[in-house]
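Participant: Below is one structure. I have some questions about it.
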Amino acid sequence: MSKFAFLLNHAPDRYSSLSEDSAMAIFKDYMEWMQGAAKSGVCDGGYKLSEGPGKIVSSKGGGFTVHESPFAELTEVLGGIMVVNAPDFDAAIEIAKAHPHLVHNQSIEIRQLDGE
Amino acid sequence: MANRHEKRDGETRRVLNRFVRRERGRLIAGLVSRLGGNNVELAEDVAQEAMLKALGVWPFEGIPEAPGAWLLRVARNCAIDRLRREQRELLYDESIHGRWAPPETPTDPDRSSDPEVQLMLLCCHDELDQTHQLILTLRVVNGFTAREIGDLFLSSESAVAQRLSRAKRKLRQLGPTLATPLTNEVVRARLETVLRVVYLMFSLGYAPRRGGELIRRDVADEALRLARDLANNDATTSPAAHALAALLCFQASRFDARTAADGAPVLLRDQDPEKWDRRLIDDGLCFMRTSMAGELTRYHVEAGIASCYAVAPSWDKIDWQAVLTYYDQLLELTDSPVVAINRSVAEAFSGAPGQALARLDSLAANAAVDRYAPYHIARAEILRLQRRRAESRASYRTAIECGTSAPVMRHLENRLASNL
């Protein structure tokens, strides 16, 4: 069994203009998926990233610069990461196909975790 | 894996909805007990924010061990942020810092300590009319949206939203009187109203007036939950509250048996008692025993009728004489034509269809009864028992013209088709 990271991307303004009802309905789909996936051992959980811009720290000539990430200008931003157990990449792809993220957003990037 | 088209209302979804509703209700009740009854809107807003945050984060990080505490912490931070942003410094100091500590006298024997019961009582304030009480309870205590409530009342989302804000405005105007928990004396005085609102809520869920579903299970389940809370709470427990809880348990025990796979209703006579929820029936019998201590209410009598059906091992073992005696008591208490209609159906089944029909016909002078689909359905059923087919068919047709929920309409069409 290998571990895969599902990187769930979405448009930066995806959730900012939604009514509360629609947002709740979408989030419930994710919850529903998670409860099933946690029970069956498919998903180990993950991390949710806060909405809005983060900071980028760079090293430059021995010093550091810090600036805000261009959150709003990006076409897609990372919303969260889920860790999924699957025998191989093909199985991980099948799991992704059933994820509600692909109903409410466009794509999931799958990366295998090294050494797992 | 094609579950992206999976139906929305699967069992997991229902459990999840119930969980969210439950947590939201508790959260708002906890917030109102800290912020005061005049801050219901603030409590609702920050509760909603906290719920959204929770449902965004929990799929990734899992449901925390104490979801209530997690939500309360997030909601509290939202409230502080919001008040700061609005620079309502004065309110900020008083409401948040002053009142954030758990409600002051949780062990005061004169005041009920359950925030959810307090919230229910607040929504049923005497200054509000019954419809306002009902929709405010559905919204604030049970977390139904304006759109869902609109579906229930056959009215538009915006109309419901307007009524909700009117009701909340009224509460806000009552202001400081709502800031402290109610005394048990006030609770007692308001109990009858609250029970009535829960009863109406269950009826809306049990028999939606129109629309696609036979039972709005979520609404009925919420009403049952409130009835249990009221029966079990120290301040609100009373024979009437126990009788109401018994009644709703009996009715809810038949939900699974009442709807066929295609959504059509299954009449009591044709229901499979194996599908009745025995646990709910036992709960109902238990509530019924503890309800016997005081004044007889319509809930007692209705629970009595429902219990006759619940304890009968089969349709032909129902004690119709007991049912009719209960109906006579109910008629005396309510003087309602709807009760009279139901009584005549029971009378017909007890072996006196002719007498039942005569009694039923005498009700038709009331124009409202003549436009009421269940009246004509009752008539059709009794005529069918008597094998008066043409007349029975005519009554089914009239019932269809009166209009009812889509599944019942289908049932009537089926009856017509098979009754030749």
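Participant: Do the conditions hold for B:Leu248, that is, is it assigned to a helix (DSSP H, G or I), aliphatic (A, V, I, L, M) and surrounded by 14 or more Cβ atoms within 10 Å (Cβ to Cβ)?
Facilitator: In short, yes.
Participant: Find the residue count for segment B:175-191, including only residues that are surrounded by fewer than 16 Cβ atoms within 10 Å (Cβ to Cβ), in a helix (DSSP H, G or I) and modelled with pLDDT under 80.
Facilitator: Residues flagged as surrounded by fewer than 16 Cβ atoms within 10 Å (Cβ to Cβ), in a helix (DSSP H, G or I) and modelled with pLDDT under 80 within segment B:175-191 amount to 3.
Participant: For segment A:92-105, which positions are without any contact (Cβ under 8 Å) to a residue 60 or more places away in the chain and either in contact with a His (Cβ under 9 Å, 6 or more places away or on another chain) or not hydrophobic (A, V, I, L, M, F, W, C) (or both)?
Facilitator: Selection gives A:Glu94, A:Lys97.
Participant: Residue by residue through segment A:4-49, note down the ones that are facing chain B (nearest Cβ under 7 Å), of a type in the set (Ser, Thr, Tyr) and exposed (fewer than 14 other Cβ atoms within 10 Å of the Cβ).
Facilitator: Matches in segment A:4-49: A:Tyr47 only.
Participant: Give segment B:215-242 a look and list any residue that's free of Cβ contacts under 8 Å to residues at least 60 places away in the same chain and over 9 Å from the mean Cα position of the chain (by Cα), or say none.
Facilitator: If the condition is that a residue be free of Cβ contacts under 8 Å to residues at least 60 places away in the same chain and over 9 Å from the mean Cα position of the chain (by Cα), then B:Ile215, B:Arg228, B:Ala231, B:Asn232, B:Thr237, B:Ser238, B:Ala241, B:His242 are the ones that fit.
Participant: Where residues in segment B:22-53 are surrounded by fewer than 23 Cβ atoms within 10 Å (Cβ to Cβ) and within 11 Å of chain A (Cβ to nearest Cβ), which of them is farthest from A:Lys48 (Cα to Cα)?
Facilitator: Top of the filtered list is B:Glu44.
Participant: Being loosely packed, with under 14 Cβ neighbours inside 10 Å and in contact (Cβ under 8 Å) with a residue 60 or more places away in the chain narrows it down to one of A:Met82, A:Met1, so name that one.
Facilitator: Just a single option satisfies the conditions, and that option is A:Met1.
Participant: Separate question: Based on what the data block shows, is B:Gln329 surrounded by 23 or more Cβ atoms within 10 Å (Cβ to Cβ), among the polar types (S, T, N, Q) and under 21 Å from B:Ser344 (Cα atoms)?
Facilitator: Answer is no for this residue.
Participant: Now a separate question. Could you run through segment B:4-36 and say how many residues are in contact with a Pro (Cβ under 9 Å, 6 or more places away or on another chain) and at pLDDT below 85?
Facilitator: Going through segment B:4-36 one residue at a time, the tally reaches 4.
Participant: Is it true that B:Arg169 is in a helix (DSSP H, G or I) and loosely packed, with under 15 Cβ neighbours inside 10 Å?
Facilitator: Yes; evaluated as a whole, the condition is true for this residue.
Participant: When residues of segment A:74-94 are filtered for being facing another protein chain (nearest Cβ under 9 Å) and either more than 21 Å from B:Leu55 (Cα to Cα) or out of contact with any strand residue (DSSP E or B) (no Cβ under 8 Å at 6 or more places or on another chain) (or both), how many remain?
Facilitator: Count: 1.
Participant: Which one is surrounded by the fewest Cβ atoms within 10 Å (Cβ to Cβ) among residues in segment B:301-326 that are in contact (Cβ under 8 Å) with a residue 24 or more places away in the chain and among the β-branched types (Val, Ile, Thr)?
Facilitator: Filtering first and then ranking leaves B:Val311.
Participant: Also, I was wondering about something else. Condition first: β-branched (Val, Ile, Thr) and assigned to a helix (DSSP H, G or I). Now tell me which residues in segment B:133-166 satisfy that.
Facilitator: B:Ile135, B:Thr137, B:Val140, B:Val141, B:Ile149, B:Val160
Participant: On to the next question. What number goes with the only condition from (1) at pLDDT below 90; (2) surrounded by fewer than 16 Cβ atoms within 10 Å (Cβ to Cβ); (3) under 17 Å from the mean Cα position of the chain (by Cα); (4) more than 10 Å from chain B (Cβ to nearest Cβ) that A:Gly54 does not pass?
Facilitator: (1)
The values are calculated or read from the model by the stated rules, or taken from the named source; none is laboratory data. On a predicted model such as this, the values are computed, not experimentally measured, just so you know. Note: ideal-geometry Cβ built from the backbone for every residue, glycine included; neighbour counts use all protein chains shown.
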